[in-house]
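Worksheet: one structure, shown below.
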Amino acid sequence: MLPSHHVGVIDAVVIGAGHAGLAVSKRLVDAGIEHVVLERGDIAETWRTQRWDSFALNTPSALNRLPGDPAAADPNVFLSRDAWIAELEAYARQCALPVRTHARVTAVTDDARGGFVVTIGDEETVRARSVVVASGNANVPKVPAAAATIDRRIEVLTTGTYRRPSQLPAGGVLVVGSAQSGGQIAEDLLDAGREVYLATGTVGRFPRRLRGRDTLVWLSESGWMTQRPEDLPDRAIMRAVQPLISGVGPRGHTLSLQALARRGATLLGHFESADGYRFRFADDLAQHVRFGDEASAKIRQHVDDHVADRGVVAPSSEPDPADEAAEPNDFRSPTELDLADRGVRSVILTTGFRADYSWLRLPVVRSDGSVVHEQGRAPVDGLWFVGLLWLRMRKSGIILGAMDDSAHVAAQVAARGVSHRPRAAT
C-alpha cells in the first residue's frame, strides 16, 4: 500500500519489482523520496515465471550487487533461479522498500498537471509526480510466424513455459534458437537423456573462464561493459542477442555448438518454416559455428590485450575443450526434417521476448513496440526507464548495470520531486 502519510500526489511510482526496480527504490529511500513500487505478481516475478528449474544466473555473484548490498560471501558462485529470487526478496525486506505486490499497472496517463495517473487493475488510481518504468523488455514471447503451421499434435512451448524435461511427452525435442536460453535448455534436456535437435542462429559465444578468472569479471574491469552506444564502431552490435554461456555448475561452464554436438545434439540451421510435422531449415549451420568461434576468439584477444596493457599478472588460460574452435565445414545438417519420423513430439521456441508497453499511454512508444528515451529519460517530463538493453551502456541490460543506472535515474527523480513539492506555509 501507499505510505501512511501519502496525501493526494506521491513523488514517484516505480513499476516493476525486479532487480532494476528494487535498485531504484533503494536509491529513492536513501534520498527520502516518497514512492511506491508496483509489481504485477510477486517480487522478481519474471525470474519466477519465465525461467526453467535448472536455470542459474550467467554472471557470478561478484557482479550481481545492488545498492547497499555487502560483497557476496562467495564472489565466484552462480546463483540458481530460486536462490536469486530469495536474495531479491531479502533485499526488499532488509531495505524496507515500499513494494506492493499483485498490483498490475493497466495504464499510465498524463494528469495534465505535469504529473501522471497510474491505474492499478480496473479502477484504482495513484497520482505521481514521476514514474520509473522498470518492467523490463522480456514480457511477451517472440513466436516465429512459421510456428502457426506446426501440427497441433506437437506440444509447443516457449522459454517462458518450459520448466523441466519431465513436463514434455516422451520422445525427441526440437529446440528452436541457440542463444543463452536455447543452449542451456538443450543441455538440460541432454542431461535428462532426451534426444535433442537444435535449430541454430547467428549467436556469439564466450569462454566461461580466461586467464584464471571468470571472463565477465575481466570484461567488467577492462571497460568493455561500460561501452556506450556512441563508443561502438557499428551500432548494429546493439541488436545482437546475448552470447552463449552458462552459469550451471560450481563455476559455470563454456557452452558451444560443437560441445552440444559432442554430447549428442543434432544441430540444424535456422528454422525457416513448418508444414505439419515437416520442418525446413536453412543451410547455414557452418556459418553459425564459425560466428560463435570468431566471437570467442575476439573476447580472448580482448582479455589478453587488457592483461598486457595493464601489466596484470595472470596465468595462462586453462584448456577448455568446449572453447576449441571447430572446422565449420565439418558440420552438415539436413534442411528438412519430418518430426514424426524422428519421434519428435515437442518443440521449444527459445526465440526471445519483447516488451509490452500497451499500458503506457504516452507518446513514447514506437510502432515497433520499443520506447523513446535518452539514457533512460523519456521525452515526457517525469518519465524514466531502467533495466533496458543499452539504456546507457553495454551492461545496462544485465544485473551488473542496475548499480549505475539506478543512481543515474534516481538522482533525476529526486531532483524533480524536490523541485515540484509544494512549499510549506511560513
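Against the conditions (1) hydrophobic (A, V, I, L, M, F, W, C); (2) touching a Gly at 6+ places or on another chain (Cβ under 8 Å); (3) not in a loop (DSSP other than H, G, I, E, B), Ala83 satisfies every one except (2). Taking Gly177, is it assigned by TED's automatic domain parsing to the domain that holds Asp304, more than 30 Å from Asp74 (Cβ to Cβ) and crowded, with 24+ Cβ neighbours inside 10 Å? Spelling it out, Gly177 is indeed assigned by TED's automatic domain parsing to the domain that holds Asp304, more than 30 Å from Asp74 (Cβ to Cβ) and crowded, with 24+ Cβ neighbours inside 10 Å. Total residues in region 124-154 satisfying the condition of being without any contact (Cβ under 8 Å) to a residue 24 or more places away in the chain, closer than 19 Å to Val14 by Cα and either in contact with a strand residue (DSSP E or B) (Cβ under 7 Å, 6 or more places away or on another chain) or not in a strand (DSSP E or B) (or both): the figure is 1. Given the structure, is Ala62 assigned to a loop (DSSP other than H, G, I, E, B), out of contact with any strand residue (DSSP E or B) (no Cβ under 6 Å at 6 or more places or on another chain), of a type in the set (A, V, I, L, M) and surrounded by fewer than 19 Cβ atoms within 10 Å (Cβ to Cβ)? No; evaluated as a whole, the condition is false for this residue.
When you check Arg332 against the structure, is it among the basic types (Lys, Arg), in the same structural domain as Glu187 (by TED's automatic domain parsing), over 30 Å from Trp47 (Cα atoms) and outside any loop (DSSP other than H, G, I, E, B), yes or no? Here the answer is no, as Arg332 does not meet what is asked. You will find that of Val13, Val24, the residue that is within 22 Å of the chain's Cα centre (by Cα), buried (at least 22 other Cβ atoms within 10 Å of the Cβ) and among the hydrophobic types (A, V, I, L, M, F, W, C) is Val24 and no other. Looking at Ala17, Ala56, Ala44, can you tell me which residue is outside the structural domain of Phe206 (by TED's automatic domain parsing), on the phi > 0 side of the Ramachandran plot and at pLDDT 95 or above? Step by step, each of Ala17, Ala56, Ala44 is checked, and only Ala44 is outside the structural domain of Phe206 (by TED's automatic domain parsing), on the phi > 0 side of the Ramachandran plot and at pLDDT 95 or above.
The residues of region 346-403 that are on the phi > 0 side of the Ramachandran plot and surrounded by fewer than 18 Cβ atoms within 10 Å (Cβ to Cβ), listed by number, are Gly369, Gln375.
In region 180-222, of all residues being more than 18 Å from the chain's Cα centre (by Cα) and within 13 Å of Ser54 (Cα to Cα), the one that is surrounded by the most Cβ atoms within 10 Å (Cβ to Cβ) corresponds to Ala186. Looking only at region 314-328, residues that are within 29 Å of the chain's Cα centre (by Cα), touching a residue at least 60 places away in the same chain (Cβ under 8 Å) and surrounded by 13 or more Cβ atoms within 10 Å (Cβ to Cβ) come to 6 in all. Among the residues of region 18-59, count how many are of a type in the set (Val, Ile, Thr) and assigned to a helix (DSSP H, G or I). Residues that pass the stated criteria total 4.
All conditions in (1) out of contact with any Leu (no Cβ under 9 Å at 6 or more places or on another chain); (2) modelled with pLDDT under 95; (3) over 30 Å from Thr149 (Cβ atoms) hold for Met238, with the sole exception of (1).
Give region 56-87 a look and list any residue that's closer than 20 Å to Ser181 by Cα and not hydrophobic (A, V, I, L, M, F, W, C), or say none. Result: Asn58, Thr59, Pro60, Ser61, Asn64, Ser80, Arg81, Asp82. Scanning region 345-357 for residues that are under 18 Å from Leu388 (Cβ atoms) and at pLDDT 95 or above yields one hit, Tyr357. Scanning region 35-59 for residues that are aliphatic (A, V, I, L, M) and closer than 22 Å to Thr254 by Cβ, which turns out surrounded by the fewest Cβ atoms within 10 Å (Cβ to Cβ)? Only one residue tops the list, namely Ala56.
The single condition from (1) in contact (Cβ under 8 Å) with a residue 60 or more places away in the chain; (2) more than 20 Å from Ser406 (Cβ to Cβ); (3) out of contact with any Gly (no Cβ under 8 Å at 6 or more places or on another chain) that Leu63 fails is (2).
Of the residues Glu272, Glu230, which single one is over 21 Å from the mean Cα position of the chain (by Cα), at pLDDT 95 or above and acidic (Asp, Glu)? When all the criteria are applied, what remains is Glu272.
Note on region 267-279: residues that are of a type outside the set (Gly, Ala, Ser) and under 10 Å from Ala199 (Cβ atoms) total 6.
The values are calculated or read from the model by the stated rules, or taken from the named source; none is laboratory data. What you see is a predicted model; the values in this text were computed from it and never measured. A quick note on method: Cβ atoms are made from the backbone with ideal geometry, for glycine too, and the neighbour counts reach across all protein chains shown.
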